[in-house]
Amino acid sequence: MLSTLLIAALGVAFLFVLGLWIWGERGHLMLPSSWRFLQAGGARRFFNFSDLHGYAYGRWIKEYIYVLVKIICPRLHPGGKKWLSDHYHGKVITADQARSIITVNKEIPLRDLEQIIPYSTARDLVLKGPPEVAVFQCGCRQIREHPCQPIQVCMVVGQPFVDFILEHHPATSRRLTQQEALDLLEAEHKRGHLHSAWFKDALLNRFYAICNCCKCCCGGIEAMVKHGAPMMASSGFVASVDEAMCNLCTVCEEICMFGAIRVNGELTVQWSTCMGCGVCVGQCPTGALSLVRDERKGFPLDVRAFAGEEALSSSG
């Protein structure tokens with residue numbers, strides 16, 4: 001009896017979401033970007049609910065993140081946290097790597113990035129250079145009582161994601177020129193925010209956004225630090241200190257999002273928790289910190305290397 005009711009409830013929920021999808025938010029047939037998203041996914045993804053999941057995420061981002069971060073993640077057992085991270089995860093990228101994604105000038109289709117994205121799903125990188133970019137309001141910041149400003153800092157990259165965000169969130173999103181996207185990245189870098197590339201299996205199993213994360217609002221960082229869910233992969237670098245230049249000011253300790261830096265008579269970097277984001281490098285007033293390549297931390301997500309160009313060794 002219970003299983004029958006559950007199946008019936010799932011069926012009703014499916015029809016309800018399908019109806020919302022087809023009818024659209026303005027009382028007419030499906031928006032053009034929704035059709036393109038459906039066509040890109042194909043029939044198999046539609047019938048296994050992946051596209052409906054992706055639609056719900058893109059349409060109700062703030063509500064989705066609230067449920068995930070505040071309700072689901074705190075209640076997951078370790079296996080559940082690993083499963084969540086496999087299906088929805090980010091890759092920490094340095095400021096230079098973020099800029100390289102925006103300025104890529106050739107098509108880069110890659111599959112199965114096992115060494116770069118150490119998760120079992122959502123590992124494709126599909127870029128057509130120069131990529132289309134739109135910025136929208138950060139769902140993580142929106143769910144906070146006193147969010148960091150500005151809120152409009154999440155960057156969706158490539159199609160069909162750009163048109164989907166612009167059509168479904170017309171009041172809170174806008175298309176960016178390449179220079180506007182670079183300016184936004186630079187402004188967030190100066191604020192001491194972390195750049196991350198995000199992948200989600202419900203969004204065509206591939207890279208779809210660059211987030212500019214702050215320590216106090218980011219749901220991915222909260223899931224990692226507070227709940228132990230491995231939501232982000234390291235950049236492939238670690239922070240290194242020049243003791244002769246360090247004045248032990250504690251700026252880096254205060255700004256480190258992962259608690260990897262300690263100042264107590266000397267500055268120490270905890271290798272296991274450092275994600276190589278470069279935030280400390282950009283904020284260090286004396287230039288005592290730098291990023292160094294560490295193969296034990298995985299491989300960097302640097303599209304210049306994918307395109308056959310020379311990649312920069314490290315940068316904050």
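For each of 106, 215, count neighbouring Cβ atoms within 10 Å of the residue's Cβ, then give the residues from fewest to most.
106, 215
Per DSSP H run of at least 4 residues, take -39500 (n - 2.57); add these up for the chain, divide by its residues and hand me the 222 nm value, nearest 500 deg cm²/dmol.
Mean residue ellipticity, 222 nm, calculated: -10500 deg cm²/dmol.
When the dipole is taken about the Cα centre of the range 237-296, and only Lys, Arg (+1) and Asp, Glu (-1) are charged at their Cβ, what size is it in debye, to the nearest 20?
In debye, rounded to 20, the range 237-296 gives about 120.
State the antiparallel share, in %, of DSSP beta bridges confined to the chain, rounding to the nearest 5.
Antiparallel bridges make up about 90 percent of those DSSP assigns within the chain.
If you count the DSSP beta bridges with both ends in the range 50-234, what percent of them are antiparallel, to the nearest 5? Can you show the working numbers first?
Working: 27 of 30 bridges.
Of all bridge pairs located within the range 50-234, approximately 90 percent are antiparallel.
Please tell me which of these pairs span more than 32 angstrom C-alpha to C-alpha: 81/297; 106/297; 81/106; 70/106?
With Cα atoms farther than 32 Å apart: 81/106; 70/106.
Highest first, please rank the peptides 172-182, 217-227, 294-304, 93-103 by the mean number of other Cβ atoms sitting within 10 Å of their residues.
The densest-packed peptide leads the list: 93-103, 217-227, 294-304, 172-182.
Would you list the P(r) distribution for the chain, with all Cα-Cα distances sorted into 20 Å bins from 0 and each bin expressed as a whole %?
Taking every Cα pair in the chain, the percentages come to 31, 57, 11, 0.
At residue 226 and residue 120, where each label point lies 7 Å from the Cα along Cα→Cβ, what is the point-to-point distance in nanometres?
Modelled inter-label distance: 2.8 nm.
Every read-out reported here was derived from the displayed coordinates using simple, explicitly stated rules and does not represent laboratory data. Keep in mind that this is a model prediction, so the values were computed, not measured. Neighbour counts run over all protein chains shown; Cβ positions are idealised from the backbone, glycine included.
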